[in-house]
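This report concerns only the one structure given below.
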Amino acid sequence: MAEKEESSAAGGGREEELKKELQSVVKKIVDEDNYGTEITLKAISILSDLSDTVLTKKFRCPISGEIMGDPVVLSSGLTYDRPSIQKWLNEGNLTCPQSKEVLSHTILTPNCLVRKLISSWCKGHGVAVPRSHQDTNGEMITEFDRLYFNSLVTEMFSSLTDRKQAAKELRRLTTAAPSYRAVFFEFTDPISRLIGPLLEGSVDSDPELQEDLITTFMNLLVDCDNMELVADHPDAIPLLIKSVEFGTIETRKNAAVALSMLSSDNDRRLMIGNAGAPMPLLQLLREGHPIAMKEAASAILNQCVEYNNKEKFIELGAVKVLLEKIREGKHVDELINLVAQLSTHPKAVNELSELDTVHCLLGIIRETESERTKENCVAILYNVCLNDVGLLKVIWTEGIEHQTLAKLVDTGTARAKRKATALATKIGKLFPTVL
């Protein structure tokens with residue numbers, strides 16, 4: 001951590017130095033009529049250096065301070081290098097190192113976009129691309145291992161007993177060894193062979209076999225390079241959607257995780273949304289099973305980055321379901337985050353424009369210890385109440401007794417302060433008592 005702080009400090013110092021230098025050059029350009037080509041080129045050069053400095057800072061792991069080779073997203077939404085955050089979790093920590101919030105789960109989702117950006121930046125600057133966790137472990141697999149792994153996939157065409165034994169071993173290997181995930185697509189038509197048994201009849205005709213194969217499927221997606229290959233297979237996404245709907249609770253949860261991983265790309269989000277995922281995911285969330293509800297919420301959140309999918313979930317009644325679960329006190333932090341995402345859509349605003357909802361959100365702001373949840377609550381209030389005089393009056397009346405909004409203006413996160421200040425300013429103009 002000391003190395004990380006030293007690296008961050010150095011990066012921050014360089015950034016400030018470049019900003020001051022750029023400010024000086026731009027002032028000359030603005031103040032002088034005949035500033036010439038040389039000073040313009042200097043400004044461009046400084047901007048380029050500043051861009052590189054900012055990018056490399058974003059590409060560094062917050063824990064190690066090194067450029068990430070295997071960036072993954074924690075349930076807090078922040079990105080870390082896999083070895084560093086895995087070590088943090090293995091030490092028994094159940095909070096996000098940066099935000100300090102308690103983690104809803106410890107599943108690490110590959111951040112494929114950041115990985116591609118790092119790779120592109122490194123190649124463009126002649127810098128060696130950091131080796132990923134998968135790359136490093138991939139060197140350990142032998143030709144015998146490959147033959148053994150391929151034979152397990154081939155067993156999917158054998159007797160039911162052999163299939164089930166092979167499926168358990170595939171699940172074990174792809175869970176424990178990144179190298180097996182990396183070589184899976186070296187084989188001939190591996191997805192068809194892997195999921196073939198689940199396409200022969202009802203997807204959950206053998207729940208134990210289904211659970212092992214869907215979990216193997218989920219494990220394969222941990223390797224970013226596998227995602228496009230999975231998405232391109234015509235049976236893959238429909239099978240995952242069916243498995244969210246039918247199967248053991250572990251199967252349904254892992255199918256939701258797999259869909260969440262695949263939703264890291266906008267084209268795939270659309271594909272999954274159009275293939276019918278919204279209803280099963282929302283039903284899984286509605287059922288409220290402790291180990292599956294969070295994963296359903298995470299998958300829906302990733303799906304709702306795409307506007308059309310957001311509209312689908314709203315039309316299916318997502319807002320009502322989420323508010324019911326929040327009032328029951330179930331996974332409030334995760335579900336408030338999802339409501340904040342939906343609240344940017346006009347149809348959701350209409351459903352959220354209820355007095356009880358506003359009182360509920362204000363109550364959560366007062367009671368929660370999570371700064372992120374407070375931020376999401378005030379963001380929802382901003383989206384719903386800013387242009388509704390009646391609801392603004394509710395906040396004004398509540399503020400006389402509790403000063404909820406005023407406290408956020410003083411102590412909230414930067415985003416929470418902005419939203420709370422905008423609401424307070426509007427209320428101050430409409431009503432005599434300023435919050």
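The values are calculated or read from the model by the stated rules, or taken from the named source; none is laboratory data. The structure presented is a predicted model; accordingly, all values stated were derived computationally and were not measured. Here the Cβ positions follow ideal geometry from the backbone for every residue, glycine too, while neighbour counts run over all protein chains shown. Keep in mind that these areas ignore ligands, DNA and RNA; they rest on the heavy atoms of the full protein, side chains included. Shrake-Rupley method; radii C 1.70, N 1.55, O 1.52, S 1.80 Å.
Just wondering, is there one or more residues in segment 302-313 that are among the basic types (Lys, Arg), over 21 Å from ASP206 (Cα atoms), part of a helix (DSSP H, G or I) and in contact (Cβ under 8 Å) with a residue 40 or more places away in the chain? Give the steps one after another, and end with the answer.
Of the residues in segment 302-313, the ones among the basic types (Lys, Arg) are 310, 312.
Keeping just the survivors that are over 21 Å from ASP206 (Cα atoms) gives 310, 312.
Within this subset, residues satisfying the condition of being part of a helix (DSSP H, G or I) are 310, 312.
Those still in the list that are in contact (Cβ under 8 Å) with a residue 40 or more places away in the chain too: none.
There is no residue in segment 302-313 that is among the basic types (Lys, Arg), over 21 Å from ASP206 (Cα atoms), part of a helix (DSSP H, G or I) and in contact (Cβ under 8 Å) with a residue 40 or more places away in the chain.
Can you list the helices (runs of 4 or more DSSP H) found entirely within segment 185-281 that contain at least 2 residues being in contact with a Ser or Thr (Cβ under 8 Å, 6 or more places away or on another chain) and more than 25 Å from GLU311 (Cα to Cα)? Please lay out each step first, then the result.
Values: elements: 190-195, 207-220, 227-231, 236-245, 249-262, 266-274.
Output list reads 190-195, 207-220, 249-262.
In segment 32-41, what residues are over 21 Å from GLY124 (Cα atoms) and either modelled with pLDDT of 75 or more or assigned by the TED database to the domain that holds HIS125 (or both)? Lay out the reasoning, then the answer.
Within segment 32-41, the first condition is being over 21 Å from GLY124 (Cα atoms), and the residues that meet it are 32-40.
The answer is GLU32, THR37, GLU38, ILE39, THR40.
What do you reckon, is SER179 among the small types (Gly, Ala, Ser), at pLDDT 90 or above and touching a helix residue (DSSP H, G or I) at 6+ places or on another chain (Cβ under 9 Å)? Talk me through it step by step, then tell me what you get.
Numbers: among the small types (Gly, Ala, Ser): yes; at pLDDT 90 or above: no; touching a helix residue (DSSP H, G or I) at 6+ places or on another chain (Cβ under 9 Å): yes.
No.
Among the residues of segment 89-99, which ones are open to solvent by 60 Å² or more (accessible area, probe 1.4 Å) and under 12 Å from LEU74 (Cα atoms)? Working first, answer last.
Applying the first criterion (open to solvent by 60 Å² or more (accessible area, probe 1.4 Å)) to segment 89-99 yields 90-91, 94, 98.
Passing the criteria: LEU94, GLN98.
Give segment 342-352 a look and list any residue that's part of a helix (DSSP H, G or I) and open to solvent by 50 Å² or more (accessible area, probe 1.4 Å), or say none. Don't jump to the end; show me each part of the working.
To start, the set of residues in segment 342-352 that are part of a helix (DSSP H, G or I) comprises 342, 346-352.
Listed by number, the residues that qualify are PRO346, LYS347, ASN350, GLU351.
Taking LEU355 as meeting all but one of (1) within 19 Å of SER99 (Cα to Cα); (2) surrounded by fewer than 14 Cβ atoms within 10 Å (Cβ to Cβ), write down the number of the exception.
(1)
Just to be sure before I move on: is GLU208 in contact (Cβ under 8 Å) with a residue 12 or more places away in the chain and open to solvent by 10 Å² or more (accessible area, probe 1.4 Å) in the structure I sent?
Working: in contact (Cβ under 8 Å) with a residue 12 or more places away in the chain: yes; open to solvent by 10 Å² or more (accessible area, probe 1.4 Å): yes.
When the stated conditions are applied, GLU208 passes them.
Of the residues GLY329, GLY428, GLY363, GLY390, which single one is free of Cβ contacts under 8 Å to residues at least 12 places away in the same chain and assigned to a loop (DSSP other than H, G, I, E, B)? Let's see the steps before the verdict.
Working: GLY428 fails: assigned to a loop (DSSP other than H, G, I, E, B); GLY363 fails: assigned to a loop (DSSP other than H, G, I, E, B); GLY390 fails: assigned to a loop (DSSP other than H, G, I, E, B).
Exactly one residue qualifies, and that residue is GLY329.
Output the residue which, of all residues in segment 132-164 that are open to solvent by 70 Å² or more (accessible area, probe 1.4 Å) and not in a helix (DSSP H, G or I), is modelled with the lowest pLDDT.
The residue in question is GLU139.
Can you find a residue that is closer than 18 Å to PHE246 by Cβ and either open to solvent by 50 Å² or more (accessible area, probe 1.4 Å) or assigned by the TED database to the domain that holds GLN86 (or both) anywhere in segment 187-197?
No: segment 187-197 contains no residue that is closer than 18 Å to PHE246 by Cβ and either open to solvent by 50 Å² or more (accessible area, probe 1.4 Å) or assigned by the TED database to the domain that holds GLN86 (or both).
At pLDDT 75 or above and over 30 Å from LYS87 (Cα atoms): is that true of SER24 in this structure?
Here the answer is yes, as SER24 does meet what is asked.
Being of a type in the set (Val, Ile, Thr) and in contact with a Ser or Thr (Cβ under 6 Å, 6 or more places away or on another chain) is the requirement here; does ILE395 meet it? Break it down into steps so the answer makes sense when it comes.
Values: of a type in the set (Val, Ile, Thr): yes; in contact with a Ser or Thr (Cβ under 6 Å, 6 or more places away or on another chain): no.
So ILE395 fails the test.
Taking segment 261-271 on its own, how many of its residues are open to solvent by 10 Å² or more (accessible area, probe 1.4 Å) and in contact with a strand residue (DSSP E or B) (Cβ under 8 Å, 6 or more places away or on another chain)? Walk me through how you get there before you give the answer.
Looking only at segment 261-271, we keep the residues that are open to solvent by 10 Å² or more (accessible area, probe 1.4 Å), and these are 264-271.
Restricting the remaining residues to those that are in contact with a strand residue (DSSP E or B) (Cβ under 8 Å, 6 or more places away or on another chain) gives 264.
The qualifying residues number 1.
What is the residue count in segment 165-186 for residues that are over 29 Å from the mean Cα position of the chain (by Cα) and either closer than 20 Å to ASP232 by Cα or open to solvent by 30 Å² or more (accessible area, probe 1.4 Å) (or both)?
Qualifying residue count for the region: 2.
I need a count of the residues in segment 219-259 that are closer than 22 Å to PRO207 by Cβ, surrounded by 17 or more Cβ atoms within 10 Å (Cβ to Cβ) and among the polar types (S, T, N, Q).
Matching residues across segment 219-259 total 4.
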